[in-house]
Amino acid sequence: MISMDTKTIDEAVELAKFEQKIANEEKIEPSDWMPEAYRKNVIRQMSQHAHSEIIGMQPEGNWITRAPTLRRKAVLLSKVQDEGGHGLYLYSATETLGITRSEMIEALQSRKAKYASIFNYPTLTWADIGAIGWLVDGAAIVNQISLQRTSYGPYARAMVRICKEESFHQRQGYEIMYELAHGTPVQKQMAQDAMNRFWWPSLMMFGPHDADSAHSGQSILWKVKRESNDFLRQKFIDQSVVQIEVLGLELPDPEIVWNEERGHYDSGPIDWDEFKRVINGGGPCNYQRIKHHKKAHQEGEWVREAVRAYRLKQQTKNVA
Amino acid sequence: MNSIQTNEENKTSLFRFVVALADDSVILSHRLSEWCSNGPYLEEDIALANIALDYIGRARMFYQYAAEVEGENRSEDDLAYLRTEREFTNLIIHELPIGDFAFTMVRQFFLDVFYHLYLQELVKSKDQTVAAIAQKAIKETRYHLKRSEPWIRQLAEGTTESRDRILLAIDELKEVVGELFDMPSWEIELVEAGIAVDRQSLKPAWDKHVQAFLSASDIDFEDTRLQITGGREGIHSEHLGHLLSDMQYLQKTYPGMKW
């Protein structure tokens, strides 16, 4: 009983210290004490982010071999390679919270862990590569800029680094769209179609409305999340409308109109049924994405096994 | 020496020589990029994409120079996207499908050893542009070789399965390595002019390196007399046509557009 009481008192002291750090805008570091729920919350968010980078390589990779020019091919390859790098960096940063990469991969493959739902939509034309860079990476940046101030130190530092590369990705996407929107009618149509298809899923990337967001309350209190879903979504809409005008494309939502009073663009309702359906596995590519990930993982098993066997042999040799 | 001012015959030979080097690079890059999101480790997805990027960089430099030498107002993209399989003159080893990870790494090892020897000579080319491209490429190739050798070692000495896969890949690939050392007539001309490299002369060093490396893992590497050749003449495996229909899809479906 005495030991339990001591433990309770110790925990209360640690919790007070933890909360003070959060209040002082100090970062929580891997060796710091943290509540179990905080640890789980950050693991969930960071691993979800890492998985998104990795699964996102599939729809974009779909166009590497078919990129229309050598320059575009080099840029796309480089971008997809960056995404892999982000995934790797984020997996490593998440491991500081006491979970292994293989546990995270297992959670992804068994669908316990989620990834950005937008990658459950297919990349049907070259313009989709433009739309992903511009809108999807654009939405991700809006979110990630706010996460540069997240309370978990390794995550905040990862975001600083990742944001720099993501802004290049967004520019290359916008450049693809610009070229198409100013090209032949068939190219312009391709750009319009891609934007129309990726617009709504991009808005959904910010998550449910604040009132309906399951994890938001606690995440904001702990400063894991720094801005609300709706605030960030509005910021994204405002910046994108101007960009669409520059492209000379038609707005993807007829209800978009400037609201002088709010100082923001108003827009039409989001189809939350679709959001839930896709998040829960009912999007056009959910099955395909996980199946592909599992297949590549299984096909690589003999390689990983060989590496383990080789290392073991080397260790035995060194000991002998 | 700037060889653009040489006579018509030399110009044609130089164009054929440079465009073939570009073809080698773009085709290998294409194959390597197919590993994206398919590798055994995330680290390998990244590394193979990185090597693919090195090769696409080489391809662009060689195509741009080939277009300049030709002087017909063709661009790097015209050369890469608007030529047919009979016009592509890459050596066949570059175009074979990626196979399993063992196949990809054995091909890479064979090519890395080859390019390591080849580029060391090509940097001495009297054609300054070719020499400059080789100078950049050799730094990349040194790194590629540092990566492919440990992979071959680990897989050859890892498990029975990995060793079997390596042996199988070697067996399949040794039929197409001979072509790396075959010299077409126009390249021989350029060797005499101090521009190209006598690839045939690299064969003993290549054999020695590969044999020594493999024998350390108890693998006997012997040349096979059966060699598949024809790449430099535009006679390829059945695989190249499929690769090009993938790579050239947009340019051929929507001709004459800017991307």
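What follows is calculated from the coordinates using simple rules that are stated; it is not laboratory data. Fair warning: this is a prediction, and the values are worked out from it, not measured in the lab. Cβ: placed from backbone, ideal geometry, glycine included. Neighbour counts: every protein chain shown.
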(message) When a/c reaches 1.5 or more, the comparison of a/b and b/c decides; with that in mind, is the stretch B:3-253 rounded, prolate or oblate per its Cα gyration tensor?
(response) prolate
(request) With r as the distance between the Cβ atoms of A:HIS182 and A:GLU250 and R0 = 22 Å, compute the FRET efficiency 1/(1 + (r/R0)^6) and round to 0.05. (result) 0.90
(request) State which entries of A:LYS40/A:LYS276; A:LYS40/A:LYS225; A:LYS164/A:LYS223 exceed 20 angstrom in Cα-Cα distance in the structure shown. (result) A:LYS40/A:LYS276; A:LYS164/A:LYS223
(message) Give the average, rounded to an integer, of partner chain Cβ atoms located within 10 angstrom of each Cβ in A:52-58.
(response) 2
(request) Among A:ARG72, B:ARG74, rank each residue by its count of other Cβ atoms within 10 Å, from fewest to most, as a rough exposure measure. (result) B:ARG74, A:ARG72
(request) Find how much the distance from B:GLU192 to B:TYR41 grows on full extension, using 0.36 nm per residue of separation minus their present alpha carbon separation; answer in nm with one decimal. (result) 49.7 nm
(message) Can you list residues from other chains, or at least 5 along the same chain, whose modelled amide H is less than 5 Å from the amide H of A:HIS264?
(response) A:ASN259
(request) Report the charge-dipole magnitude of the protein assembly as shown in Debye, nearest 20, computed about the Cα centre from +1 at each Lys and Arg Cβ and -1 at each Asp and Glu Cβ. (result) 1060
(request) Using θ = phi - 60° and the Karplus relation 6.51 cos²θ - 1.76 cosθ + 1.60, list the HN-Hα couplings for the stretch B:96-107 in order, rounded to whole Hz, with x at every Gly or Pro. (result) 4, x, 5, x, 8, 4, 5, 4, 4, 6, 5, 4
(request) Along Cα→Cβ, 7 Å out, is where each label goes; now give me the distance between the ones at A:GLU165 and A:LYS40 in nm to one decimal. (result) 3.1
(message) For B:LYS258, project a label point 7 Å along Cα to C-beta. Then give me every residue of the stretch A:67-108 with its amide nitrogen under 17 Å of that point.
(response) A:68-72
(message) Please give me the summed charge of the neighbours of B:GLY194: other residues whose Cβ is under 12 Å from its Cβ, Lys and Arg +1, Asp and Glu -1.
(response) -3
(request) For an R0 of 51 angstrom, estimate the FRET efficiency from the Cβ-Cβ distance between B:SER201 and A:LYS317 and round to the nearest 0.05. (result) 0.85
(message) Within 12 Å, Cβ to Cβ, of A:PHE198, how many net charges do the neighbouring residues add up to if Lys/Arg are +1 and Asp/Glu are -1?
(response) -2
(message) Given contacts defined as C-alpha pairs under 8 Å and at least six residues apart, what's the relative contact order of chain A, whole-number percent?
(response) 18
(request) Would you calculate, for chain A, the mean residue ellipticity at 222 nm contributed by helices, counting each DSSP H stretch of 4 or more residues as -39,500 (n - 2.57) and dividing by all residues, to the nearest 500? (result) -22000 deg cm²/dmol
(message) If you consider only alpha-carbon coordinates, what radius of gyration and Dmax does chain A have, in Å?
(response) 22.0, 79
(message) Using the Cα centre of chain A as the reference point, and only Cβ charges (+1 on K/R, -1 on D/E), how large is the resulting charge dipole? Debye, rounded to the nearest 20.
(response) 1600
(message) Let's test the formula: R0 of 25 Å, r as the Cβ-Cβ distance of A:ASP230 and A:GLU260. What FRET efficiency results, to the nearest 0.05?
(response) 0.80
(request) State whether the protein assembly as shown is rounded, prolate or oblate according to the following rule on the C-alpha gyration tensor (a ≥ b ≥ c being the square roots of its eigenvalues): a/c under 1.5 gives rounded; otherwise a/b larger than b/c gives prolate, and the remaining case gives oblate. (result) oblate
(message) Tell me whether the stretch A:149-304 comes out rounded, prolate or oblate; compute the Cα gyration tensor, take square roots of the eigenvalues as a ≥ b ≥ c, and use a/c under 1.5 as the rounded threshold.
(response) oblate
